[in-house]
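The structure appears below as structure tokens.
The values are calculated or read from the model by the stated rules, or taken from the named source; none is laboratory data. Since the model is a prediction, treat every value here as computed from it, not as a measurement. Note that we place each Cβ from the backbone using ideal geometry, even for glycine, and neighbour counts take in every protein chain shown.
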Amino acid sequence: MIMPPEVSARFYCAVRDREIDEPPHFNEEYYMSTEAVEDFEPGDLPFFEIGDSSSFLIMKPHSDNPNAVWADKYTKIEDSFERFIWRLYHEDPGYYGEIIYPTSSFSHD
């Protein structure tokens with residue numbers, strides 16, 4: 001779920017400052033645990049909540065590619081936010097799950 005801008009801004013500040021206020025943040029629908037805050041680098045912008053408020057997709061506005069969408073420090077989902085939104089709408093709303101949690105392929109002899 002794409003979070004409202006005010007929630008993303010609050011989470012950005014929490015990641016930057018390495019602190020989290022008393023939940024809920026702005027409304028009861030959005031929450032980021034201290035553990036989730038610690039998973040990101042200062043400057044990361046959480047904007048997309050995955051499931052249960054423990055996983056987020058982020059953008060890195062201060063990087064060489066500020067429009068890229070990331071699952072974590074090393075897992076890039078898309079090179080552009082526009083492409084990410086296009087794929088959510090036109091392909092599959094959960095396509096990024098295959099990138100984050102790839103299924104193992106087993107060979108059968």
| Unique match (being within 20 Å of Y30 (Cβ to Cβ) and without any contact (Cβ under 8 Å) to a residue 60 or more places away in the chain) among D52, D64, D79 | D52
| Residue selected from the stretch 12-25 under the condition closer than 16 Å to D39 by Cβ and touching a helix residue (DSSP H, G or I) at 6+ places or on another chain (Cβ under 8 Å), by the criterion modelled with the lowest pLDDT | I20
| said: What pairs come out if I take residues in the stretch 17-44 that are within 20 Å of W70 (Cα to Cα) and aromatic (F, W, Y) and pair them with residues that are in a loop (DSSP other than H, G, I, E, B) and modelled with pLDDT under 70 whose C-beta lies under 7 Å away, six or more apart or interchain? | reply: Y30/P24; Y31/P23; Y31/P24; Y31/H25
| request: Filter the stretch 71-84 down to the residues that are under 16 Å from E49 (Cβ atoms) and modelled with pLDDT under 95, then identify the one that is surrounded by the fewest Cβ atoms within 10 Å (Cβ to Cβ). | output: D72
